[in-house]
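No lab work stands behind these numbers, since they all come straight from the coordinates. Only a predicted model underlies this, so the values are computations on that prediction, with no experimental measurement involved. Positions of Cβ are backbone-derived with ideal geometry, glycine not excepted, and every protein chain shown enters the neighbour counts.
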Amino acid sequence: VESGMEEIPVKVAVRVRPLLSKEILHNHQVCVRLVPNAKQVIIGKDHVFTFDFVFGKNSTQEEVYAVCIKPLLVSLTEGYNATVFAYGQTGSGKTYTIGGDHIASAAVDERGIIPRAIQELFNHISEHRNINFCVKVSYIEVYKEELRDLLDLETSVKELHIREDEKGNTVIVGAKEFQVECADEVISLLESGNAARHTGTTQKNEHSSRSHAIFTISVCQKQSAQYQKNTDVAQDPIASKFHFVDLAGSERVAKTGNTGERFKESVQINSGLLALGNVISALGDPKRKSVHIPYRDAKITRILKDSLGGNAKTVMITCISPSSLDFDESLNSLKYANRAKNIRNKPVVNYNPEKDRIDEMELEIRLLREALQSQQVNNQHLHDLNEEKARISSLEEQLTRLQVQYFSYRNCVDEAFPFLVDLNDDVSLRRSQRDRLQSWITMVQKVRKEALTIQETDTGTETSPVPHHITILQLKRELKKCQILQNQIKTLLQEKEEQQDFLKEAQETQRLQLKMKLEKFTDVKALDFSSAYEDGAAVMAFARRPYSVPVTKNLLRPLHLTSGTEIQKGYTSPPVLSLAQIMAEFHVRRQIILSKLEDQDKVLHHCLSDQSDEEEDNTGSEEKTSYKHSINRTWTQNHTSLYFLPDVSDIKRQVDKSDLSNKSALQTDTTTGEEIDSLQKIHVFNMQKLKNSELRLAEAEQKIRELALNIKKKEELIKELVRTG
Ligand code: ADP
Ligand code: MG
């Protein structure tokens, strides 16, 4: 069988390209699949084909080259002719696979067969300095059964003829052959040929899908003269060539609806591809020696005659689109390739649909099993990774513990060392004791020296993990401190609130006292007021206004203003009247303050309860909540205090003013005046206290904000340090 295989000149490969992005975009379905490890292709539900080589959508250019073409290149250097065809419908990947286009611009991995073969040929040449190589290239095109020289457009079609020399080699008379010295030269010639192929046609693809392009490398090798000296027999030069053929699109073979010029064209393309198919299948016939090989039927087969058959090696790569929209063309291509293939000992059973279905299911099972396996491998990886992470963190913990231990030991030694040195000098020890102490001291000194050098090398290398751990430890300690401080601030805040409550209570009692006094006072002076002053009744009504009625700011503001004008009026009035006015004014003032205090508390309470609701959905950690909380609270309190403080000074001003007028008023009622005075003093004192508290509160809040920011920064730093390991 092996020797029989050796004789078979044509190997058939099938390459199924992946779906192109535009096909994926249009939701094309795949209708061609490979059977793993079986060199088989399934198209649709029930068509299975077996080939010499099968390449799937994930096959690489390198893989295709290494499997199919490398052996041909070896043959070439041994003196055999070789040919590679790319067959298939337009857009199936012929040019991509042959690699005849966009060579210079293509990424190295994406390069197709031609540039790879050229590279390898020149590598071979440079490795065999004892042989003189002569490499020539030509590039021709067969379009409508006419030849065109792509390397020399001046050459007219009529000047090119296919001849056979006396040895049976095919020669294209008139075709330009360029001698080349390196791979780059070949590639630039190829590129210029491609450019020529594109001229004269508006659409390159339209043209290339109807013409065959044949790029040929001819190699002539001869033993160098210096190596020939020793041998008596002069060796003949060896000549061989390699054709790279990008065939016309195969789709027109199946389509017979074309008429006129197109019909002629399609017939001509048909004839070329059909002739090629016939030649290839005849070559694959085991009894081919007795079979007529129809080379003369088409130009393409005539040109390739010496590369098809004999000792020549040929690979046909059938390119297939996987899209279900191309099902007909792909099936035809596979049938064509099947006709050319030489494997006759493995008849493909595709008549039994049930068997096919079983095959398909088996394939699916196999694919699923493979997927499962890779999944398991992935899971294993994940598991390993987690274990690794756990190990690292436990090691880190261990390291930290050891570091702590190390520090404490070092501290002990550092403490003991000077003491024992002193002891060594002062106390009279026994000789053995002294020796032991001395040796201990030397040991410590040695260890210290070593530690110092280690530390130096440590600090020298920045990648050492130890400083990071220490930094993390320090940062963690600082974070703890910060948290403790935060707690302290919280208790401080609580105290502040308690103090405020206390203040409020004090004010309440003061208010009640004042009320009692005022009632006593106004009962006595009521008559005077109503008779001497027009709107005295209104003032009285207001002065007696029950405190339980909430006084809104909007209501208070105009009252505040009118009371201001009343004071001015009061200065021009008799002393008794002015005292009453002052009292009323004082009363109004106090009420404003109290209502503001109440409002402030309400706002605070409202704000706090609101916030907790709000934050439920947008906070992650508790710390963050408290952080935000404190910020918000700060804002509210600052806000209220800003708006409260001017009032305090305002009140003080008012108190000073009333002091002035009180002096005259006191002449008539000293006792009440004194009491009011003391009450006012208490009030001022309380206000001062409140102000101080607020200042302290503001300071504390500022500190909290700073600390919170600090904590946040440090947390981020720790996270970053942990993340970067
Ligand atoms: P043909 O020469 O048969 O008309 P092309 O070689 O021009 O087809 O290929 C058509 C398109 O498909 C091109 O864009 C090409 O890059 C892409 N293509 C072909 N084969 C493959 C493959 N194996 N992998 C990725 N893309 C491919
Ligand atoms: Mg092409």
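With an 8 Å cut-off on Cα pairs and a minimum separation of 6 or more residues, tell me the relative contact order of the stretch 1-114 in percent. All intermediate terms of the calculation are to be shown ahead of the outcome.
Details: 111 pairs, mean separation 24.4, N = 114.
So the answer I get is 21 percent.
Between GLU415 and GLU185, what is 0.36 nm times their sequence separation minus the Cα-Cα distance? Round to one decimal in nm. Walk me through the numbers before you get to the answer.
Numbers: separation 230, 0.36 × 230 = 82.80 nm, distance 8.07 nm.
Extra length from GLU415 to GLU185 when fully extended: 74.7 nm.
For ASN169, what charge total do you get from the other residues with a beta carbon under 11 Å from its beta carbon, if Lys and Arg give +1 and Asp and Glu give -1? Could you put the intermediate results ahead of the total?
On the way: positive: ARG163, LYS167, LYS241, LYS305; negative: GLU164, ASP165, GLU166, ASP306.
Residues close to ASN169 contribute a combined charge of 0.
Estimate the FRET efficiency between LYS504 and LYS714 by the formula 1/(1 + (r/R0)^6), using the beta-carbon distance for r and 45 Å for R0, to the nearest 0.05. Mind showing how you got there, number by number?
Values: r = 39 Å, r/R0 = 0.87.
Step by step, r from the Cβ atoms, then E = 0.70.
How far is it, in nm, from the label point at HIS26 to the one at GLU495 when both lie 7 Å from their Cα along the line to the Cβ?
About 8.0 nm, to one decimal.
State the Kirkwood hydrodynamic radius of the stretch 355-454 in Å, one decimal place, computed from all pairs of distinct Cα atoms.
Kirkwood radius, the stretch 355-454: 19.7 Å.
Which pairs break 20 Å Cα to Cα here: LYS11/LYS39; LYS476/LYS713; LYS515/LYS691; LYS222/LYS305? Don't skip to the end; give the middle numbers.
On the way: LYS11/LYS39 13 Å; LYS476/LYS713 12 Å; LYS515/LYS691 25 Å; LYS222/LYS305 25 Å.
Over 20 Å apart, Cα to Cα: LYS515/LYS691; LYS222/LYS305.
Where the convex hull is taken over the Cα atoms of the stretch 378-419, what is its projected area averaged over directions, in nm²? Mind showing how you got there, number by number?
Details: hull surface 10.1 nm².
Quarter of the Cα hull surface area: 2.5 nm².
Provide the FRET efficiency to the nearest 0.05 for the LEU485-LYS681 pair, computing r from the beta carbons and using R0 = 56 Å. Let's see the in-between values first.
Details: r = 38 Å, r/R0 = 0.67.
The formula returns an efficiency of 0.90 here.
Roughly how many nanometres apart are two label points built 7 Å out from the Cα toward the Cβ at ALA107 and LEU695?
7.1
Over all alpha-carbon pairs of the stretch 54-203, lay out the pair-distance distribution in 5 Å bins, whole %, shortest bin first.
Reading upward from the zero bin: 2, 8, 15, 20, 21, 18, 11, 5, 1, 0.
For a Förster distance of 25 Å, can you work out the FRET efficiency between the beta-carbons of GLN405 and SER432, rounded to the nearest 0.05? Before the final figure, lay out the partial values.
Numbers: r = 31 Å, r/R0 = 1.24.
Step by step, r from the Cβ atoms, then E = 0.20.
Taking 0.36 nm per residue of separation and subtracting the Cα-Cα distance, what length does fully extending GLU146 through MET443 add? Intermediate results must be reported in sequence, preceding the final value.
Values: separation 297, 0.36 × 297 = 106.92 nm, distance 9.78 nm.
Between GLU146 and MET443, full extension yields an extra 97.1 nm.
Give me, ordered by chain and number, the residues 5 or more places off GLN223 or on other chains with an amide H under 5 Å from its own placed amide H.
ASN132
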